[in-house]
Amino acid sequence: MGHDHDHLPSEIRHEKPLWWALGLTSTFLVVEVVGAFWTNSLALLSDAAHMATDTLALMIALVAVRLSRRPPDARRTYGYARLEALGAMINGAMLFVVAGYILWEAIGRFRQPQEIASTGMLVIAAVGLVINMISMRLLQAGSGESLNVKGAYLEVWADMLGSVAVIAGALLIQWTGWKPIDPILAVLIGLWVLPRTYVLMREAVNVLLEGVPKGMDVAKVRDRLSDHDAVLDVHDLHVWALASSTPALTAHIVMREGDDADRLRRELGDRLHDDFGIEHVTLQIEADHCGEACGQPSAAKDDDHTGHDHAATDAQGHRGHVHR
């Protein structure tokens, strides 16, 4: 049976808006950091840390779509998609350090409030709000089609709320002169950034440890494969993530005697694609009896396959690959 093993897209959709959004966000990140020290506003510095998460999300999205075009080679047969997870880990660790510094500095400012250039703080936050709104507009079209773009879109949307909070804080400082408003806002923004950074790092670790992709239920995948009339048993089922949005699956399928292995492989691949979005599928089709360990199909439902012959092939001598 012929297979098209080329998973590379013919074109990278929405890459140009990602580049524009990254340019705007990263430029303003530098401006906001400089402005934070100029105005002596810890709230602005905290919002800059949040802006850094936006920049990270945009970079990850661009890395993902860029590397998706790079084919596997002899040294990296799965390609380079996991650089996305490594980048997320490194940047997430740096964000934890920045957020920790901001929270520590805020404690000191509660004890000894400092003068804040609230007008400069207001102007910089207002510019940040405009930048976020432009970036949201750029990413909106792709957010419904790409998980990477959707993640970046949500990051920018959340940072827009942070800019609104800093604007409100600057106005309150001007009206009331109450200086602790600045460290209070810094703590609130810092506490907002930390959980989201933790979630990002947790997802990256899951990819690096070849964990089950987020939202994927292995039991349901097994049941969907077992539902096929020609399938007697499913075992050695593995589902993992090549990248944040690239699930992969391998499984051994015990086929009913007399059925066509190639047809079964295609039909199971279609189910996995349509129901779970799994495109990279490798299925090994086996005969009804492939040794004592799987001689009883019902017992094979368990995960105990000690002594099983993993080199078994189906009645037609095929090892199956279903790639879309």
Of the conditions (1) touching a helix residue (DSSP H, G or I) at 6+ places or on another chain (Cβ under 6 Å); (2) without any contact (Cβ under 8 Å) to a residue 40 or more places away in the chain; (3) surrounded by fewer than 20 Cβ atoms within 10 Å (Cβ to Cβ), A48 satisfies every one except a single condition; which number is it? (3)
Count of residues meeting criterion [charged (D, E, K, R) and more than 30 Å from F276 (Cα to Cα)] in segment 175-220: 2
When you scan segment 192-286 for strands (runs of 3 or more DSSP E) that lie fully inside it, which ones turn up with 1 or more residues that are closer than 30 Å to A93 by Cα and open to solvent by 20 Å² or more (accessible area, probe 1.4 Å)? 231-243, 246-255
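The values are calculated or read from the model by the stated rules, or taken from the named source; none is laboratory data. Everything numeric here is computed off the predicted structure, so don't read it as measured data. As a convention, Cβ positions derive from the backbone with ideal geometry for all residues, glycine included, and neighbour counts pool all protein chains shown. We work out accessible area using only protein heavy atoms, side chains counted, and drop any ligands, DNA or RNA first. Shrake-Rupley method; radii C 1.70, N 1.55, O 1.52, S 1.80 Å.
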